[in-house]
Amino acid sequence: MPKTAPIERVDIHLGERSYPILIGSGLLGQRSSFDAAPDATTALIVTNTTVGPLYVVPLQEALAQRFRKVHVLELPDGEAYKDWHTLNLIFDALLGHGCDRKTVLFALGGGVVGDMTGFAAASYMRGVPFVQVPTTLLAQVDSSVGGKTAINHPQGKNMIGAFYQPHLVLCDLDTLATLPRREMSAGLAEIIKYGPIHDMAFFDWIEQHIDALLQGDPAKLAHAVRRSCEIKALVVSQEEREAGLRAILNFGHTFGHAIESGLGYGEWLHGEAVGCGMVMAAQLSLRLGHVDEAFVRRLRALIERAGLPVVGPALGVERYLELMRHDKKSEDGEIRFVVIDRPGSAAVRSAPDAVVREVLAECTR
């Protein structure tokens, strides 16, 4: 991908936990890209077997100019490995290298690497700093920003984790050039969601440029990443945890997480499940009287154009309900959903099981 995108900065305002998101091309190998990283003696780069061979060397070389020791750990790649066993490989590496509190963890990879590295940083010696270096579109526009860290449990996705903010997020757009088409589509799901929940003008823009985004157009990707980060920064800066406003960022995720858990982690990519989940959540919003059929059709059409599934797998209506009761937004066994109150505005609402059953019957095979 040509290095044409200028460096842009979006700030997360959280008092003493504030940090910048840097977005641009050719950032990974530059020492100056990491000026906002904390001072320390040791760095541990956590990556995976897919991303490591592509990008770990330039990151190592940049960090070697700042840190006395730079270690690398490659984890197995995939959502199926977002578990206790793989998390402990990070702790094994930290302890094996004698890492102390003057250590910074660098998460080089997609959402799985970022979530696990952040959770390890939150837990090791009761907290050491970490930096997000997301290499997938989904991670750049969503999972690397906001401090949500976790691993999966067989009974629910991201059920074990912590809120722990990074010191820096570095989005090098050049890394998107090596993304498979399926991963690019998965990332677009998290971009698309920002329109219905907050900014329909951005939704209009995505509709106009979806083909260019799928083809990896550098300028269009730079705008999509920046605007997505701006919206997420606005929401997270107002509400760091998911007790209120921030929960709207989970549009489509209640249904989507059920799909991931029900099929087995890794069968569908997270973005694929979220894309399909947004269709279901939009249909629920329609049945609750908040949006019209034209909006649902429009959202579904864009999700389909992005190369994402719009019909859920046949897990069985009761199985979906069982899985969704484990969602983190549930209260006293009552499932709560992010619904669209009107295009560009979302809220968390409960819904009668009978209505949810109707949606699932309509939106699954």
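The values are calculated or read from the model by the stated rules, or taken from the named source; none is laboratory data. Just so it is clear, the model here is predicted, and its values are computed rather than measured. Here the Cβ is made from the backbone with ideal geometry for all residues, glycine too, and neighbour counts use every protein chain on show.
Does at least one position in the range 166-174 carry a residue that is at pLDDT 95 or above and either in a loop (DSSP other than H, G, I, E, B) or not assigned by TED's automatic domain parsing to the domain that holds F67 (or both)?
yes
Residues Q208, Q155: which one is at pLDDT below 95 and over 14 Å from the mean Cα position of the chain (by Cα)?
None of the others qualify; the one that does is Q155.
Under 8 Å by Cβ, and 6 or more places apart or on different chains, what pairs join a residue from the range 89-104 that is over 18 Å from E74 (Cα atoms) with one that is of a type outside the set (V, I, T) and assigned to a helix (DSSP H, G or I)?
Qualifying pairs under 8 Å: D100/M125; R101/M125.
Of a type in the set (F, W, Y), surrounded by 24 or more Cβ atoms within 10 Å (Cβ to Cβ) and not assigned by TED's automatic domain parsing to the domain that holds T254: which single residue out of F106, F163, F119, F91 fits that description?
F106
What do you reckon, is L22 in contact with a His (Cβ under 7 Å, 6 or more places away or on another chain), buried (at least 16 other Cβ atoms within 10 Å of the Cβ), more than 11 Å from V113 (Cα to Cα) and at pLDDT 95 or above?
Answer is no for this residue.
Taking the options T86, T41, T50, name whichever one is under 20 Å from D100 (Cα atoms) and of a type in the set (S, T, Y). Break it down into steps so the answer makes sense when it comes.
Numbers: T86 fails: under 20 Å from D100 (Cα atoms); T50 fails: under 20 Å from D100 (Cα atoms).
Testing whether each residue is under 20 Å from D100 (Cα atoms) and of a type in the set (S, T, Y) leaves just T41.
Restricting the range 331-355 to residues that are touching a strand residue (DSSP E or B) at 6+ places or on another chain (Cβ under 9 Å) and over 20 Å from I197 (Cα atoms), which is surrounded by the most Cβ atoms within 10 Å (Cβ to Cβ)?
Once the filter is applied, the top-ranked residue is E334.
Residue-by-condition table, conditions (1) without any contact (Cβ under 8 Å) to a residue 12 or more places away in the chain; (2) under 22 Å from the mean Cα position of the chain (by Cα); (3) part of a helix (DSSP H, G or I):
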position: R9; (1), (2), (3): no, yes, no
position: P20; (1), (2), (3): no, yes, no
position: I23; (1), (2), (3): no, yes, no
position: L27; (1), (2), (3): no, yes, no
position: P38; (1), (2), (3): no, no, no
position: A43; (1), (2), (3): no, no, no
position: V46; (1), (2), (3): no, yes, no
position: P53; (1), (2), (3): yes, no, yes
position: Q60; (1), (2), (3): no, no, yes
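Please count how many residues of the range 53-72 are buried (at least 20 other Cβ atoms within 10 Å of the Cβ) and farther than 21 Å from S32 by Cα.
0
Out of everything in the range 73-88 that is part of a loop (DSSP other than H, G, I, E, B) and touching a residue at least 40 places away in the same chain (Cβ under 8 Å), what residue ends up being surrounded by the most Cβ atoms within 10 Å (Cβ to Cβ)?
My answer is K82.
Could you run through the range 125-156 and say how many residues are touching a Leu at 6+ places or on another chain (Cβ under 8 Å) and among the β-branched types (V, I, T)?
Of the residues in that region, 6 qualify.
Among the residues of the range 311-324, write down those that are part of a loop (DSSP other than H, G, I, E, B) and either surrounded by fewer than 16 Cβ atoms within 10 Å (Cβ to Cβ) or touching a Ser or Thr at 6+ places or on another chain (Cβ under 6 Å) (or both). Steps first, answer last, please.
Here is the first cut: in the range 311-324, the ones part of a loop (DSSP other than H, G, I, E, B) are 311, 313-316.
Selection gives V311, A314, G316.
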